[in-house]
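Chemist: First, the structure itself, so that you have it in front of you.
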Protein chains: 4
Amino acid sequence: MNSDLQSLTQALRDFAKARDWEQFHSPKNLAAALTVEASELLEHFQWLTEEQSCNLAPDKLAEVELELADIQIYLISLAEKLKLDLVAAVDKKLVLNARKYPADEVRGSSKKYTEYKNRT
Amino acid sequence: MNSDLQSLTQALRDFAKARDWEQFHSPKNLAAALTVEASELLEHFQWLTEEQSCNLAPDKLAEVELELADIQIYLISLAEKLKLDLVAAVDKKLVLNARKYPADEVRGSSKKYTEYKNRT
Amino acid sequence: MNSDLQSLTQALRDFAKARDWEQFHSPKNLAAALTVEASELLEHFQWLTEEQSCNLAPDKLAEVELELADIQIYLISLAEKLKLDLVAAVDKKLVLNARKYPADEVRGSSKKYTEYKNRT
Amino acid sequence: MNSDLQSLTQALRDFAKARDWEQFHSPKNLAAALTVEASELLEHFQWLTEEQSCNLAPDKLAEVELELADIQIYLISLAEKLKLDLVAAVDKKLVLNARKYPADEVRGSSKKYTEYKNRT
């Protein structure tokens, strides 16, 4: 198997199973846990300037790395629970995004696509 | 290249570059965007029972799939910005988790490891 | 002054001023901090059943109380920064909600108003 | 009754009751909804600079006002559900914060109190 995400999926399934934690892992709960982890990540950045956020000290970066891992872990677990393929999902979304945000029209602007005139 | 995440990383880099969006992609902003997307995912589940969350209608599931994609997209973008490897990060976290939550001790319990006696 | 929220606003302004923390309190940063606090609240509930969440042990409830306080604190600080009146904002929103969710039509349903037919 | 928050509490109770929505309002669900609303607020600011976040256009500010209202609404509803008094909670938290962050020691620093030496 060549896929990163598939191997991680298996590792996480085994981890939860060995602890009998699958009973807690409803999609609703996993979505809540994922949101909580995303905020723990954000907490590291909340009082920093954008520039400071680009230059984290090594110990801070090591903490941030583990927060990213937590988010990835819950994301994989949730995808597995819902029988969704994350890579296929991202591919699908990128096609939609390319249509919603044509490079020529949105270059250099952070406006949401809904704010563009002549668009639905 | 055999890695899912590496190919997605490249695709996302190209996407942002073509739109000159890299200027908005400070780690601070990406962490905020990731949190916002996680909450959009949670919104689909917030009033459902856990059981209902296991049995989504196909159209709802298709929406959830795109939310998972958004989270994965920002997670990859942020990891790249910080020069972190998501797979290595997850591996590292799983080792730590195995130590913090020994299967024998935590089986069937959702308590945080900090709530266990005799632990730091 | 009869207003709860006005007295709290003053207390919070003094607190931040005495610490020279106003420099960090841009609306962007306060919104991030508020989100982080909301997730810390959610963390207490994430693995509980809905029923368990109605019956918190006293020590857990005391922790939850302080999370609610944190959210209220950032909410007041942000409203003040933006020169918005929280009570007026809630009044305005309740009028909108009453229109969006007519009691007769939505009784007992958690569907978002956007999911109702014949509505914008 | 002189209290802002008490009058709002009553209005929100009536609103939910008229729609038979109390069944959805477990503390767990309300905490999730509150987090979702906090992120909707953050979404308005995520790509702005801190400076831009201080100077919102009137239409943007009107949207932000309603997001603040949503957060306040769920915060009041949750406090009521848990029989907690928000004003008392904030008072309690401010006493704790004054102890954790003595003005003389933390002036001008955004470091978390846990990062200070000689503190638990």
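The values are calculated or read from the model by the stated rules, or taken from the named source; none is laboratory data. Predicted, not measured: the structure shown is a model, and the values here were computed from it. Here the Cβ positions follow ideal geometry from the backbone for every residue, glycine too, while neighbour counts run over all protein chains shown. Areas reflect the complete protein model, heavy atoms only, side chains present, ligands, DNA and RNA absent. Shrake-Rupley method; radii C 1.70, N 1.55, O 1.52, S 1.80 Å.
Chemist: For an R0 of 35 angstrom, estimate the FRET efficiency from the Cβ-Cβ distance between C:ASP59 and B:ALA57 and round to the nearest 0.05.
Modeler: According to the calculation, E is roughly 0.30.
Chemist: So what J values fall out for segment C:86-103 if you push phi through Karplus, 6.51 cos²θ - 1.76 cosθ + 1.60 with θ = phi - 60°, rounded to Hz, Gly and Pro as x?
Modeler: Computed from phi, the couplings for segment C:86-103 are 4, 5, 4, 5, 5, 4, 4, 5, 5, 5, 4, 5, 4, 6, 6, 10, x, 3 Hz.
Chemist: In nm, to one decimal, how far is the B:GLU22 label point from the A:GLN23 one, both placed 7 Å along Cα→Cβ?
Modeler: 5.1
Chemist: To continue, here is another question. I'm a student and want to see the number: the projected area of the Cα convex hull of the protein assembly as shown, averaged over all directions, in nm².
Modeler: The orientation-averaged projected area of the Cα hull of the protein assembly as shown comes to 23.5 nm².
Chemist: Using a 10 Å cut-off around each Cβ of peptide D:17-23, what is the average number of partner chain Cβ atoms that fall inside? Spell out each step's value before the answer.
Modeler: Details: counts 1, 7, 12, 5, 8, 0, 4.
Shielding by partners across D:17-23 averages 5.
Chemist: Rank these residues by their accessible area, most exposed first, probe 1.4 Å: D:ASP104, B:ASP59.
Modeler: My answer, sorted largest first, is D:ASP104, B:ASP59.
Chemist: Considering only C-alpha atoms, what is the centroid distance from segment B:1-54 to segment A:71-104, in Å?
Modeler: Spelled out, the Cα-based centre of one part sits 8 Å from the other.
Chemist: Which longest uninterrupted range of chain C lacks any trypsin sites (Lys or Arg not before Pro) assigned by DSSP to a loop state (not H, G, I, E or B) and surrounded by at most 16 other Cβ atoms within 10 Å?
Modeler: C:1-82
Chemist: With every protein chain present, what is the per residue accessible area of the protein assembly as shown (1.4 Å probe, Å²)?
Modeler: In whole numbers, the protein assembly as shown has 48 Å² accessible per residue.
Chemist: Which pairs, out of C:LYS93/D:LYS28; C:LYS17/D:LYS111; C:LYS17/D:LYS81; B:LYS17/B:LYS93, put more than 27 Å between their alpha-carbon atoms?
Modeler: C:LYS17/D:LYS81; B:LYS17/B:LYS93
Chemist: Report the dimensions of segment C:58-100 along its three principal axes from the alpha-carbon atoms, largest first, rounded to Å.
Modeler: Over segment C:58-100, Cα extents along the principal axes are 40, 27, 11 Å.
Chemist: Between beta-carbons, use under 12 Å as the cut-off and find the net charge around C:ALA16, counting Lys and Arg +1, Asp and Glu -1.
Modeler: +1
Chemist: Taking just the alpha carbons, could you work out the radius of gyration and Dmax for segment D:22-87, both in angstroms?
Modeler: 14.2, 43
Chemist: Dividing the convex hull volume of the alpha carbon atoms of chain B by its residue count, what do you get in Å³ per residue?
Modeler: Enclosed volume per residue, from the Cα hull, is 178 Å³.
Chemist: How high is the relative contact order of chain D, given as a whole-number percent (alpha carbon pairs under 8 Å, six or more residues apart)?
Modeler: This gives 30 percent for chain D.
Chemist: May I ask you to evaluate 6.51 cos²θ - 1.76 cosθ + 1.60, the Karplus curve with θ = phi - 60°, for each residue of segment A:75-80 and list the ³J(HN,Hα) values in order in whole Hz, giving x for glycine and proline?
Modeler: Per-residue couplings from phi come out as 5, 5, 4, 5, 4, 5 Hz.
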